[in-house]
Amino acid sequence: MAHRQHGRYGGRSVLGGMILAALLAFTLPAQANPPTSAVIGTPPQPDWAGLTIEQRKILMPLASDWNQMEHIRRKQWLTTASRYPKMGTKEQERVQKRMRDWATMTPEQRNRARDNYRDLSKLPSKHQEQIKKKWSAYKNLPEEEKQGVRERHKSAILLAPPPAPEPVASEETPPPAQ
């Protein structure tokens, strides 16, 4: 079978051109648009200096992180800020506390909080209500009792037997013993 050459350098130039085109396709858009805009479709949101005085006042606990936030996160916080003036005093205090707590979390803690929220929202509403009631009761405990609950919970986790390993199905089953 005869091998046909493509042009002066053969098939290598075609392959090289395809590789170059692929590299450019993957690198240029990443430089032009932040990944969150391109992937999620959220338009760019204002940086901290672009916020109104009212928005900055409401979102002050997030000031140091704002310019590094993904556009989708900024949009979510701006939505909260737009609802803020209509909230009651207790709700405003709760939102401010949550923002302060959020601002002090590490990225790992934030991801865990997002995962927990996502997992909770997938539960049936009956289970969600039970968890909310337990959490509300826990929040109302004095600090020393909260510490005791945390210690008991930690002990229960440490003392629990490890989960049984799941059997691994092999592709080849051995012949039956005779």
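Read-outs throughout are calculated quantities, based only on the coordinates presented, and are distinct from any laboratory measurement. Every value quoted in this text rests on a predicted model; they were computed, and no experiment measured them. Cβ placement follows ideal geometry from the backbone for every residue including glycine, while neighbour counts extend to all protein chains displayed.
Quick rundown of the values:
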read-out: Calculated FRET efficiency for the pair His127/Lys154, C-beta based, R₀ 35 Å, to 0.05; value: 0.95
read-out: Reachable lysines, given that their alpha-carbon falls under 28 Å from the alpha-carbon of Lys146 and they are not under 8 places away in the same chain; value: Lys90, Lys97, Lys122, Lys126, Lys132, Lys133, Lys134, Lys154
read-out: Nitroxide proxy distance, nm - points 7 Å out along Cα→Cβ at Asp115 and Ser82; value: 3.2
read-out: Overall form of the range 43-122 per C-alpha gyration tensor (a/c, 1.5; a/b vs b/c); value: oblate
read-out: Cβ-derived FRET efficiency at R0 35 Å, Glu108 paired with Ile53, nearest 0.05; value: 0.60
read-out: The range 90-130 pair-distance distribution - Cα-Cα, 5 Å bins, rounded %; value: 5, 21, 17, 19, 23, 14, 1
